[in-house]
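Shown next, in structure tokens, is the structure this report addresses.
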């Protein structure tokens, strides 16, 4: 069953691995509980400047890969990001379209595209309610 979860999330994990490879040059990459975790200067820049939130994001999950701004941010966001890993295992290649649809649904209701996204609310319920 574990192999199937990894295979189902593999397209997203592949994208995450490509981005995580930047950390081999200017940061750190580690395997923690079956999840690749990476942080580094390039990832920090990408998360701060390319994520459409004020100040960017501390961490972002793609399949079984968590990209982060620092080792401290990885530790702090681990519970939240592991919920996203489980969501990728459940939704597989459909996760990103489903996440986008949840953001659009929140906007259509007059809510915030990120903070009121169903997937983020689920992740926040596991980490004390703090969005990453």
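Just so it is clear, none of the values below were taken in a lab; they were calculated from the coordinates. Please read all numbers here as calculations on a predicted model, not as lab measurements. So basically every Cβ, Gly included, is an ideal-geometry build from the backbone, and we count neighbours across all protein chains shown.
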- Note on the structure: Label model pair residue 25, residue 2: point-to-point distance (7 angstrom along the Cα→beta-carbon line) in nm is 3.3 nm
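Divide by every residue of the chain the summed helix terms, -39500 (n - 2.57) for each DSSP H run of at least 4, and state the resulting mean residue ellipticity at 222 nm, rounded to the nearest 500 deg cm²/dmol.
Working: 6 runs with 74 residues, N = 132.
Calculated from helices alone, the mean residue ellipticity at 222 nm is -17500 deg cm²/dmol.
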- Fraction of antiparallel bridges per DSSP, the chain only, in percent to nearest 5: 70 percent
- Message: Distance between the C-alpha centers of the stretch 1-59 and the stretch 75-112? Whole Å please.
- Response: 15 Å
- Query: Given the stretch 2-92, what whole percent of its Cα pairs are spread farther than 21 Å?
  - Reply: 23 percent
